[in-house]
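Data block below; observations after.
The values are calculated or read from the model by the stated rules, or taken from the named source; none is laboratory data. This one's a predicted model, so the numbers in the text were calculated from it and none came from an experiment. Neighbour counts are summed over all protein chains in view; Cβ atoms, including those assigned to glycine, are modelled from backbone coordinates with ideal geometry.
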């Protein structure tokens with residue numbers, strides 16, 4: 001198992017307190033009280049095929065964060081990157097989308113991350129609403145694959161007040177390293193209260209699945225055609241998921257890119273929530289280069305909804321090109 005330096009953790013933090021603008025995100029009780037009171041108003045989902053496998057994007061919502069959350073941020077470079085990407089630029093704040101994905105196979109329904117608890121922001125917490133709009137009941141999901149256990153990826157798993165599971169038949173698959181890190185008593189005890197609040201939310205969401213989980217190392221196959229891909233840095237055990245069927249490929253890369261308006265053009269720009277910023281940047285460059293070289297379709301939890309698209313090399317770093325509509329659906 002990968003060992004994690006507590007010094008590195010305390011420097012970067014899973015939930016860096018100085019970077020969090022929403023007080024509810026920092027306090028477990030506030031999130032519990034707010035859960036269910038606010039969500040993305042309009043449910044959005046979009047499906048496409050990867051060979052014989054259906055992949056459904058679910059919009060959880062969006063959140064605003066200050067550019068200061070990107071160490072190395074440069075206003076002139078950011079403005080230029082946004083212009084090249086034909087994206088809006090606001091020096092006061094970034095709009096970040098949050099997505100989840102569901103993979104529907106002949107005999108399996110697998111959720112890839114589950115969005116945020118509604119209490120993290122009034123514009124979040126729409127994962128279950130989008131799931132219902134896509135015609136999928138919670139009890140139909142047999143597996144949850146977590147790219148990593150941050151609060152905005154585990155929010156649909158349990159009720160924060162009661163602890164009751166919201167996906168009653170789901171088995172959880174996630175990184176052995178990340179699970180151990182999340183429940184590390186010493187790390188928790190040595191963390192600021194604000195950071196502990198983030199751990200509290202994640203623990204409350206995933207702990208009810210303690211007896212029905214499988215902990216893996218990256219590279220493991222979780223189902224036919226679904227193979228995990230190591231992408232360390234954002235968290236120690238952060239993973240992507242490669243979907244392969246009928247000669248087609250899709251790489252769901254979790255939080256490889258968090259601020260798409262800026263990080264495609266500037267892949268060396270880290271994010272405050274990256275546990276190991278240097279490793280996250282190195283992973284991002286490696287995966288972006290691979291995606292551009294191989295022409296593989298990608299999807300991500302913070303790409304603009306629905307997140308399906310391709311990576312191309314650009315005059316400044318890389319560029320993202322949205323995938324066309326899939327008329328097979």
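Here is a yes/no grid of residues against (1) surrounded by fewer than 19 Cβ atoms within 10 Å (Cβ to Cβ); (2) under 18 Å from residue 162 (Cα atoms); (3) free of Cβ contacts under 8 Å to residues at least 12 places away in the same chain:
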site: 205; (1), (2), (3): no, yes, no
site: 209; (1), (2), (3): no, yes, no
site: 213; (1), (2), (3): yes, no, no
site: 217; (1), (2), (3): yes, no, no
site: 221; (1), (2), (3): yes, no, yes
site: 228; (1), (2), (3): no, no, no
site: 231; (1), (2), (3): no, no, no
site: 240; (1), (2), (3): no, no, no
**Prompt:** Quick one: residue 187 ticks every box in (1) out of contact with any strand residue (DSSP E or B) (no Cβ under 8 Å at 6 or more places or on another chain); (2) closer than 18 Å to residue 215 by Cα bar one, so which box is it?
**Reply:** (2)
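Hey, can you tell me all the residues within region 272-299 that are under 24 Å from residue 100 (Cβ atoms), in contact with a helix residue (DSSP H, G or I) (Cβ under 8 Å, 6 or more places away or on another chain) and modelled with pLDDT of 95 or more? Even if it seems obvious, please write down each step before you answer.
We begin by selecting, within region 272-299, every residue under 24 Å from residue 100 (Cβ atoms); these are 272-275, 280, 283-284, 287-288, 290-291, 296-299.
Filter once more, so that each one left must be in contact with a helix residue (DSSP H, G or I) (Cβ under 8 Å, 6 or more places away or on another chain): 272-275, 284, 296, 298.
Answer for region 272-299, where residues must be under 24 Å from residue 100 (Cβ atoms), in contact with a helix residue (DSSP H, G or I) (Cβ under 8 Å, 6 or more places away or on another chain) and modelled with pLDDT of 95 or more: 284, 296, 298.
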**Asked** Does residue 323 count as buried (at least 21 other Cβ atoms within 10 Å of the Cβ), out of contact with any helix residue (DSSP H, G or I) (no Cβ under 8 Å at 6 or more places or on another chain) and modelled with pLDDT of 95 or more?
**Response** no
**Request:** Taking residue 154 as meeting all but one of (1) surrounded by fewer than 24 Cβ atoms within 10 Å (Cβ to Cβ); (2) out of contact with any strand residue (DSSP E or B) (no Cβ under 8 Å at 6 or more places or on another chain); (3) at pLDDT 95 or above; (4) farther than 20 Å from residue 223 by Cα, write down the number of the exception.
**Result:** (1)
**Fill in**
Scanning region 133-142 residue by residue, the ones that are closer than 15 Å to residue 54 by Cα and in contact (Cβ under 8 Å) with a residue 40 or more places away in the chain total 2
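Give region 175-194 a look and list any residue that's assigned to a helix (DSSP H, G or I) and either in contact with a helix residue (DSSP H, G or I) (Cβ under 9 Å, 6 or more places away or on another chain) or surrounded by 19 or more Cβ atoms within 10 Å (Cβ to Cβ) (or both), or say none. Don't jump to the end; show me each part of the working.
Here is the first cut: in region 175-194, the ones assigned to a helix (DSSP H, G or I) are 176-182, 185-189, 193-194.
Those that are assigned to a helix (DSSP H, G or I) and either in contact with a helix residue (DSSP H, G or I) (Cβ under 9 Å, 6 or more places away or on another chain) or surrounded by 19 or more Cβ atoms within 10 Å (Cβ to Cβ) (or both): 177, 178, 179, 181, 182, 186, 187, 188, 189, 193, 194.
Tell me, yes or no, whether region 143-151 has at least one residue that is buried (at least 16 other Cβ atoms within 10 Å of the Cβ), in contact with a helix residue (DSSP H, G or I) (Cβ under 8 Å, 6 or more places away or on another chain) and not in a loop (DSSP other than H, G, I, E, B). Show your work before the answer.
Here is the first cut: in region 143-151, the ones buried (at least 16 other Cβ atoms within 10 Å of the Cβ) are 143-151.
Those left that are additionally in contact with a helix residue (DSSP H, G or I) (Cβ under 8 Å, 6 or more places away or on another chain): 144, 146-151.
With the extra rule that they be not in a loop (DSSP other than H, G, I, E, B), the set shrinks to 144, 151.
Scanning region 143-151, I find at least one residue that is buried (at least 16 other Cβ atoms within 10 Å of the Cβ), in contact with a helix residue (DSSP H, G or I) (Cβ under 8 Å, 6 or more places away or on another chain) and not in a loop (DSSP other than H, G, I, E, B), so the answer is yes.
Suppose we keep only residues that are within 24 Å of residue 273 (Cα to Cα) and surrounded by 22 or more Cβ atoms within 10 Å (Cβ to Cβ) within region 50-68. Which one would you say is modelled with the lowest pLDDT? Lay out the reasoning, then the answer.
So the first thing to find is which residues in region 50-68 are within 24 Å of residue 273 (Cα to Cα), and the list is 57-68.
Applying the additional criterion that residues be surrounded by 22 or more Cβ atoms within 10 Å (Cβ to Cβ) yields 57-61, 63.
Numbers: 57: 98, 58: 98, 59: 97, 60: 97, 61: 96, 63: 92.
If we take residues in region 50-68 being within 24 Å of residue 273 (Cα to Cα) and surrounded by 22 or more Cβ atoms within 10 Å (Cβ to Cβ), then 63 is modelled with the lowest pLDDT.
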**Request:** From 288, 303, grab the single residue that is over 28 Å from residue 195 (Cα atoms) and either in contact with a strand residue (DSSP E or B) (Cβ under 6 Å, 6 or more places away or on another chain) or in contact (Cβ under 8 Å) with a residue 60 or more places away in the chain (or both).
**Result:** 288
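Sort out for me the strands (runs of 3 or more DSSP E) sitting completely within region 38-130 that have 1 or more residues that are within 20 Å of residue 257 (Cα to Cα) and under 16 Å from the mean Cα position of the chain (by Cα). Quick ask: steps written out before the conclusion?
Values: elements: 45-50, 53-65, 94-104, 109-112.
In region 38-130, 53-65, 94-104, 109-112 are the strands (runs of 3 or more DSSP E) which contain 1 or more residues that are within 20 Å of residue 257 (Cα to Cα) and under 16 Å from the mean Cα position of the chain (by Cα).
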**Scan of region 183-212 for residues that are closer than 22 Å to residue 104 by Cβ and either within 20 Å of the chain's Cα centre (by Cα) or at pLDDT below 95 (or both), ordered by number** = 209
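Take region 261-282 and flag every residue that is within 15 Å of the chain's Cα centre (by Cα) and surrounded by fewer than 23 Cβ atoms within 10 Å (Cβ to Cβ).
First, pick out the residues of region 261-282 that are within 15 Å of the chain's Cα centre (by Cα): 271-275, 280.
Matches in region 261-282: 272 only.
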